[in-house]
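Reading through the structure tokens given below for one structure.
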Amino acid sequence: MSATVMTPDAENDQARKSAQMSRRRPSLLQDTTTVFMRELRPVLHNPFSVVFSMIQPLVFLGLFGPLLSDFPGTGEGSALQWFVPGIVVMSCLFSGAFTGSNLLFELQTGAHERMLVTPLRRSALLIGRALKEIVPMVMQTVIIVAVCLPFDFELHLAGTVIAVLILAVMTIGIGALSYALALASKDQDWLFWTVQQTLLFPFLLLAGILLPIDDGPGWLRTLADINPLTYVVDASRLLFNGEIASTAVLQGAGAAAFLAALGLLVGIRSMRRSN
Amino acid sequence: MIRTNGLTRHFTVKKETVEAVRGLDLEVQQGELVALLGPNGAGKSTTLRMLTTLIPPTSGTAEVAGHDVVREQSEVRSRIGYIGQGNGAGHTQRGRDELISQGRCYGLSRKEARSRASELIAALDLEAVADRTVSTLSGGQRRRLDIAMGLIHAPDLLFLDEPSTGLDPQNRANLQEQIAKLRAEYATTIVLTTHYLDEADSMAERVIVVDHGRVIADDTPSRLKEVHAGDGITLTFDHEDDARRAADRSRRVIGAEVSQFGTTVEIRVLGAPQLLPELLVNLAADGVTVTSAQVARPTMDDVFLNLTGRSLREGGTEPTDTETTVHENQEIAA
């Protein structure tokens with residue numbers, strides 16, 4: 001411990017330090033980077049954590065996927081070729097929807113409040129967090145593809161990369177919505193989990209991720225048509241199988257962009273009102 | 001450093017308006033150490049949350065570090081430090097990383113943030129744990145990390161909300177030491193809230209007593225005790241008769257507030273330690289045998305009791321978290 005007596009030098013030093021340090025406001029980009037890096041650090045320190053939210057998609061892949069061989073509507077070739085893109089979307093959806101729980105926890109511990117008192121822009125607090133979702137989402141996609149490669153799954157690299165780009169945009173939106181839900185559920189954990197669990201499976205089933213919807217009843221197909229995820233799933237299926245030039249791909253990209261825009265809009269609004 | 005004018009904050013709880021803070025006029029000069037003292041729900045935290053831009057006032061104005069808390073939020077934010085009731089560091093993060101990112105939030109360069117973090121880690125004795133995950137730290141270590149985060153940008157003005165709630169006596173003493181050191185070294189202006197009487201008493205040069213959202217007293221701890229509460233002398237006797245005679249004698253000698261319960265006599269007076277020997281000599285001359293004599297110095301609790309007629313401890317020892325939580329929920333619902 002240093003001496004407690006204040007010397008004139010220390011006084012000047014402090015005055016100078018204070019003047020230099022706290023009077024320069026970072027740009028929105030810098031703010032966003034600060035938040036992004038802060039969110040990313042625990043993932044980098046503990047990469048295994050990304051597997052946690054993947055458990056359900058992996059269970060479906062292993063225990064549900066095999067039931068799909070020769071199932072009508074899953075295409076000609078291997079069932080994995082139809083099923084894997086859906087599982088990738090599912091894993092993005094789950095990790096994005098789950099991520100609000102991190103903020104929910106920080107709302108309770110005081111870490112969020114601490115950041116609200118800093119000059120960080122509210123929008124950066126949300127955008128930085130939402131952008132970070134891309135990292136675990138890419139890691140998860142690589143894991144799923146790697147797990148499937150030894151089996152009857154053919155990788156089309158160019159299409160897969162484009163699919164990952166579209167899914168990254170979608171994940172930003174899902175993540176942002178999850179953060180907005182966390183902010184609305186402050187001090188009421190149950191609200192976050194209830195809403196999240198209630199919405200997750202209907203969206204999942206109505207996007208035709210587990211089973212094809214094409215032969216379902218009309219009302220169900222109508223619901224699927226208004227589910228933006230459906231378009232992302234359809235686009236992913238084409239892209240993972242190497243079909244890049246298609247209107248469905250454009251529609252998928254559009255749906256992902258819509259989700260991202262909606263998520264960021266709602267998320268930033270919630271963050272601005274956060275206290 | 002701080003100037004408020006009719007600062008008011010209402011919350012809506014089940015369609016009823018709760019006036020958490022009512023027309024607060026406050027002035028704090030540079031370099032002061034001020035304690036806001038009051039029971040749970042008195043409006044201390046709400047006041048702090050307005051001054052730190054976390055919530056806007058319902059009416060009235062506040063200027064903090066030369067800037068308006070509503071119109072110039074980011075100016076205020078960049079000049080103040082805030083250590084809230086909870087833990088500022090994310091539990092999945094590492095302490096040093098959080099300190100550096102906190103520095104980046106205030107616009108420090110990567111290099112500045114890193115060296116400032118190391119400096120504070122050393123000053124707050126966190127070297128052994130700074131690179132561990134926050135969730136593995138003890139309560140006291142986390143609190144020191146919170147303080148380090150609040151100081152990363154060397155703020156001119158530091159707010160602490162219930163800084164010692166939930167700390168054991170040793171860590172409380174440690175915290176008080178850190179705050180004293182901070183003032184000695186950096187002449188930082190400090191505003192803290194507390195419902196610990198001894199804390200306000202021993203640390204602050206100025207105590208602002210808040211109750212029901214209003215300031216009911218504002219002075220140095222010793223002046224407050226002098227004006228709003230005297231010392232207490234308690235004498236006990238073997239016989240009630242002796243006690244009665246002693247009470248009469250005390251009234252004549254000291255002319256103070258004297259009450260007698262059975263074999264006990266209680267006297268409220270200023271300067272009891274000086275008066276007691278004289279009183280004992282007088283009683284001995286009367287042939288009254290005193291079994292025991294005790295002098296109690298006034299506490300902030302006596303001050304509070306005198307000011308409000310209620311004990312500060314009546315609210316129980318629960319931290320104010322629940323209070324704040326309720327307000328915020330209702331606010332969102334409203």
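The values are calculated or read from the model by the stated rules, or taken from the named source; none is laboratory data. Every value quoted in this text rests on a predicted model; they were computed, and no experiment measured them. Virtual Cβ from ideal backbone geometry, glycine too; neighbours counted across all protein chains shown. Ligands, DNA and RNA are stripped out before the accessible areas are found, and what is left, the full protein with its side chains, is counted by its heavy atoms. Shrake-Rupley method; radii C 1.70, N 1.55, O 1.52, S 1.80 Å.
See the values below:
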| read-out | value |
| --- | --- |
| Failed condition for residue A:158, given (1) within 14 Å of chain B (Cβ to nearest Cβ); (2) of a type in the set (Gly, Ala, Ser); (3) open to solvent by 50 Å² or more (accessible area, probe 1.4 Å) | (1) |
| Cross-chain or 6+ apart pairs with Cβ under 8 Å, region B:135-149 first and under 12 Å from residue B:164 (Cα atoms) and open to solvent by less than 20 Å² (accessible area, probe 1.4 Å), then of a type outside the set (A, V, I, L, M) and part of a helix (DSSP H, G or I) | B:140/B:170; B:140/B:171; B:140/B:174; B:143/B:171; B:146/A:114; B:147/B:178 |
| Region A:40-77, subset among the aliphatic types (A, V, I, L, M) and surrounded by 13 or more Cβ atoms within 10 Å (Cβ to Cβ), residue farthest from residue A:150 (Cα to Cα) | A:40 |
| Any hit, region B:130-145, residues being more than 12 Å from chain A (Cβ to nearest Cβ), farther than 18 Å from residue B:85 by Cβ and part of a loop (DSSP other than H, G, I, E, B) | yes |
| Condition check for residue B:257: closer than 30 Å to residue B:6 by Cα and surrounded by fewer than 21 Cβ atoms within 10 Å (Cβ to Cβ) | no |
| Close pairs from region B:240-267: first without any contact (Cβ under 8 Å) to a residue 24 or more places away in the chain, partner of a type in the set (Lys, Arg), Cβ under 7 Å, at least 6 apart | B:258/B:251; B:260/B:244 |
| Near pairs, Cβ below 6 angstrom, 6+ apart or cross-chain, from region B:276-301 (under 26 Å from residue B:227 (Cα atoms)) to any residue that is in a helix (DSSP H, G or I) and among the basic types (Lys, Arg) | B:298/B:225 |
| Selection count where residues are at the interface with another protein chain (Cβ under 7 Å from one of its Cβ atoms) and not in a helix (DSSP H, G or I), scope region A:94-120 | 4 |
| Residues (part of a helix (DSSP H, G or I) and open to solvent by 20 Å² or more (accessible area, probe 1.4 Å)) located in region B:38-76 | B:73, B:74, B:75 |
| Which listed residue, of A:198, A:222, is part of a helix (DSSP H, G or I), polar (S, T, N, Q) and under 20 Å from the mean Cα position of the chain (by Cα) | A:198 |
| Residue check, residue B:81 in a strand (DSSP E or B), within 12 Å of another protein chain (Cβ to nearest Cβ), open to solvent by less than 10 Å² (accessible area, probe 1.4 Å) and not charged (D, E, K, R) | yes |
| Matching residues in region B:124-134 - criterion: being small (Gly, Ala, Ser) and open to solvent by less than 40 Å² (accessible area, probe 1.4 Å) | B:130 |
| Test for residue B:317: is it within 14 Å of chain A (Cβ to nearest Cβ), within 30 Å of residue B:208 (Cα to Cα) and modelled with pLDDT under 80 | no |
| Qualifying residue in region B:111-123 (condition: within 11 Å of chain A (Cβ to nearest Cβ), surrounded by fewer than 21 Cβ atoms within 10 Å (Cβ to Cβ), at pLDDT 90 or above and more than 22 Å from residue B:182 (Cα to Cα)) | no |
| From A:91, A:123, residue being touching a helix residue (DSSP H, G or I) at 6+ places or on another chain (Cβ under 7 Å), within 14 Å of chain B (Cβ to nearest Cβ), assigned to a helix (DSSP H, G or I) and touching a residue at least 12 places away in the same chain (Cβ under 8 Å) | A:123 |
| Test for residue B:103: is it more than 29 Å from the chain's Cα centre (by Cα), within 12 Å of chain A (Cβ to nearest Cβ) and crowded, with 18+ Cβ neighbours inside 10 Å | no |
| The lone exception for residue B:120 - which of (1) out of contact with any Ser or Thr (no Cβ under 6 Å at 6 or more places or on another chain); (2) over 28 Å from residue B:196 (Cα atoms) it fails | (2) |
